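Inspection log for the structure reproduced underneath, given as structure tokens.
The values are calculated or read from the model by the stated rules, or taken from the named source; none is laboratory data. In this text, all values refer to a predicted model and were calculated from it rather than measured experimentally. Please note: Cβ atoms are built from the backbone with ideal geometry, for glycine as well, and neighbour counts cover all protein chains shown.
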Amino acid sequence: MAAFFLALASTSLVAEEASGFRAVHLFVGINDKPAPLPKDRRGTWHAQAGQDRIVADVFARKRDGFFVDLAANHPVYLSNTRTLERDFGWRGICIDGNPELLHELARHRSCSVVGSVVAASRDTTVTFRKFQVADWQTNSSSWEHGLSGIVSTPSWWEWLTGATAKHGDAVTTVDERAKATTLANILETFKMPHSGVDYLSLDVEGAEEEVLRTFPFGSIPIRVLTIERPKPAVRALLRKHNFTYARDVGVKLDELWLHGSMAHRVEAARAHSCPGRSCVVDHD
């Protein structure tokens with residue numbers, strides 16, 4: 001037997017070429033199975049502050065849900081969606097604009113892997129900054145590889161670049177001009193369920209408003225959202241589209257928002273207590 005994985009990537013990182021999606025097929029055979037990643041075991045939670053367990057409990061441990069992970073980053077380390085996929089049978093789309101991350105996502109995850117920078121409009125050109133860590137594939141303690149993103153707020157990026165310098169990893173940054181597409185275009189292209197998105201994990205290093213401000217919430221339902229450090233304009237946008245703030249997740253990290261269709265689960269989300277990655281799945 002051989003496993004076949006279809007990884008889908010965009011040419012959007014090459015701004016001079018025509019934009020659009022191109023297929024990349026990664027074949028994984030029985031004698032070419034990737035070694036299990038550290039701690040990639042059933043019953044393990046991976047999110048930085050318990051986002052995955054909170055989301056699983058908000059949905060009452062439902063199976064076969066649908067997630068969108070933007071930006072997906074490492075296939076397991078600090079992933080908000082790996083446990084949903086592996087332990088609860090969720091399907092989803094893993095999106096990342098850093099091409100260095102796509103191969104490992106394709107090898108270790110069953111989500112559709114999409115290589116694209118995401119912005120407010122299709123074919124817009126943005127500056128995409130890649131944080132490169134020399135040994136990120138072998139050193140899972142290197143977190144800086146997850147900081148790549150659109151350079152949208154100079155002061156934020158100045159702080160971020162300085163913050164990485166305090167750590168001992170061999171970190172470099174590279175700025176590239178990149179063509180981007182919209183989140184809606186990705187969802188339409190890669191055939192999300194007619195019922196919409198159960199969970200959107202949104203962490204794009206300060207560009208969250210850029211992703212959401214033109215998103216068609218009326219035609220593409222999103223039920224639960226975690227978002228990193230949303231600005232006041234993003235909070236106002238979410239409230240406008242019938243989302244309710246439920247709680248902080250972590251200290252100055254993410255916020256959990258539930259759509260009105262999930263209003264009956266807001267109190268359950270607020271009552272949830274989880275000690276982060278030390279949680280262990282207690283399968284019922």
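For region 29-60, give me each residue that is of a type in the set (A, V, I, L, M, F, W, C) and modelled with pLDDT under 70. Spell out the reasoning first.
First pass over region 29-60, keeping only residues of a type in the set (A, V, I, L, M, F, W, C): 30, 35, 37, 45, 47, 49, 54-56, 58-60.
Once the filter is applied, which keeps residues that are of a type in the set (A, V, I, L, M, F, W, C) and modelled with pLDDT under 70, region 29-60 yields ILE30, ALA35.
Here is a check on your reading of the model: is ALA49 part of a loop (DSSP other than H, G, I, E, B), small (Gly, Ala, Ser) and within 15 Å of ILE186 (Cβ to Cβ)?
In short, no.
For region 220-253, what are the residues that are among the small types (Gly, Ala, Ser), closer than 14 Å to GLU209 by Cβ and touching a residue at least 12 places away in the same chain (Cβ under 8 Å)?
If the condition is that a residue be among the small types (Gly, Ala, Ser), closer than 14 Å to GLU209 by Cβ and touching a residue at least 12 places away in the same chain (Cβ under 8 Å), then ALA233 is the only one that fits.
So that you can scan it fast, the table gives a plain yes or no per residue for (1) in contact with a Pro (Cβ under 8 Å, 6 or more places away or on another chain); (2) at pLDDT 90 or above; (3) within 26 Å of GLU210 (Cβ to Cβ); (4) crowded, with 23+ Cβ neighbours inside 10 Å:
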site	(1), (2), (3), (4)
VAL117	no, yes, yes, yes
ALA120	no, yes, yes, no
PHE128	no, no, yes, yes
GLN132	no, no, yes, no
GLU144	no, no, yes, no
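Of the conditions (1) more than 17 Å from the chain's Cα centre (by Cα); (2) modelled with pLDDT under 95, GLY218 satisfies every one except a single condition; which number is it?
Here GLY218 meets the rest and fails (2).
Conditions first: (1) over 26 Å from VAL251 (Cα atoms); (2) part of a loop (DSSP other than H, G, I, E, B). GLU100 passes all but one, so which condition is the exception?
(2)
For region 220-264, which positions are over 20 Å from MET192 (Cβ atoms), part of a loop (DSSP other than H, G, I, E, B) and not aliphatic (A, V, I, L, M)?
Result: ARG229, PRO230, LYS231, GLY250, LYS252.
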